[in-house]
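A short write-up of the structure that comes next.
What follows draws every value from the coordinates through simple rules; no lab data is involved. These figures come from a predicted structure and were not determined experimentally. Cβ atoms come from the backbone with ideal geometry, glycine included; neighbour counts cover every protein chain shown.
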Amino acid sequence: MARAAVLHTVGDTDLDLRDDVVTAAPGPGQVKVTIKATGVCHSDLSTMAGVLPAVPPAVLGHEGAGVVAEVGERVTGLRPGDHVVINWTPDCGACGACLRGEPYLCTTHLARSFREPNFALGDGTPAFGMAGTGTWAEQVVVPERGAVKVAEDVPFEYAALLGCGLPTGVGAVVNTARVRPGTSVAVIGAGGVGLAVVQGARIAGAATILAVDPNQARHAAAKTLGATHTATPAGLAEAKAVLTGGAGFDYAFEVVGRSSAITTAWDAARRGGDVVVVGAGAADDEWTRNAFSLLFDGKTLRPSPYGGSDLRRDIPRLVALWRSGKLDIDALISRRIGFEDLNDALRALRDGEVIRQVVLFE
């Protein structure tokens, strides 16, 4: 039996921190991973609130790294002892999205995860894993493609962030927007993923990077990680006037997950600019724009699920950037905590006190 954080009812603000959860044995094409570190991401809060779907009881957590403990039949690319990053949207390699080179749009394994529980509570009740993972448990079972090998010199707390926040944020810049050197970028939202966008824009060579967040405590971190300027939403119009002469930014990234933030990004972008939606919003939070503006402003709206990432391709690239000193992972980690601190970590995240917290399983 193992420790795991379980959501019993959508809308709960605290999780049930248990020590009697059993992880299923790996079936054909699956691997069991012992989790060593796992991030506390805003998407976890969104799942608790019902913004993102889940089937309770569910073990939460989706951003994690660890060591392969067991492999099932037909697993050929991994073996016990391998260090891996959990991929919460593993590609099947055979569907239309995969064959088009868009593995981040594959839903084969993700859809199955809502039907097939991979955990059982102490009384035998089946439990599902968030997005088919459930990294707030000491062990998880995922498809082989849901565990991506990572070099053993990468600390587990860094590797965990390679499973969601970093590929989503940096990927939105380099994969989706393909930001060009010398251009201007506005980032709406300076949380963990937003700061990864800031770093991606710096790495891509953007000349002007404006980080926008109502929480001014985040502004210093944004500047440390590459923002040339910061502003609150109330000061965005003035910053746009000063930095772009009122024309607007070449790229505007929405990293909040709300329609109002998409509007803010749209208004920040220049005519002909790119508006990139990175935040995960609610299904009933609709966004509209009039037909005249949609055509004559010439702006492009680009959704960026998972940063358009292929983790088998992008994790080695991110590791290389980290090794060269161009990607600062440590600066994104506000606190390293224990499993017993998870509910306090959720409160701190709700209150905007932290960027990323990482649970270390001992």
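Taking 0.36 nm per residue of sequence separation and removing the Cα-Cα distance, the Ala331/Arg178 pair yields an extension gain of 52.7 nm. In the chain, taking the dipole from charged Cβ atoms about the Cα centre, the farthest positive-side position among Leu295, Ala97, Gly191 is held by Leu295.
Judged by the gyration tensor of its Cα atoms, with axes a ≥ b ≥ c, region 275-362 is oblate; a/c meets the 1.5 cut and b/c is at least as large as a/b. Bridge orientation summary for the chain: considering DSSP beta bridges with both residues in this region, about 55 percent are antiparallel. Here the residues Thr108, Thr168, ranked from fewest to most Cβ neighbours within 10 Å of their Cβ, fall in the order Thr108, Thr168. FRET efficiency for the pair Asn290 and Thr232, taken as 1/(1 + (r/R0)^6) with r the Cβ-Cβ distance and R0 = 41 Å, rounds to 0.90. Full extension of the chain segment joining Thr263 with Arg74 gains 63.3 nm, where the gain is 0.36 nm per residue of separation less the Cα-Cα distance. Applying 0.36 nm per residue to the separation of Asp153 and Phe114 and subtracting their alpha-carbon distance, the gain on full extension is 10.6 nm. Label region 169-305 by shape, choosing from rounded, prolate and oblate, from the square roots a ≥ b ≥ c of the eigenvalues of the Cα gyration tensor; if a/c is under 1.5 it is rounded, and otherwise prolate applies when a/b is larger than b/c, oblate when it is not. Note, shape of region 169-305 comes out rounded. Straight-distance candidates among the lysines for linking to Lys299, with alpha-carbon spacing under 30 Å and chain neighbours fewer than 8 residues away dropped: Lys223, Lys240. Taking other C-beta atoms within 10 Å as the exposure proxy, Asp274, Asp16 rank Asp16, Asp274 from fewest upward. Take the Cα of Ala207, step 7 Å toward its Cβ, do the same at Met1, and the gap between the two points is 6.3 nm.
Applying the Karplus relation 6.51 cos²θ - 1.76 cosθ + 1.60 with θ = phi - 60° to region 207-224 yields 3J(HN,Hα) values of 7, 10, 10, 9, 9, 10, 7, x, 8, 5, 5, 7, 5, 5, 4, 4, 5, 4 Hz, where x marks Gly and Pro.
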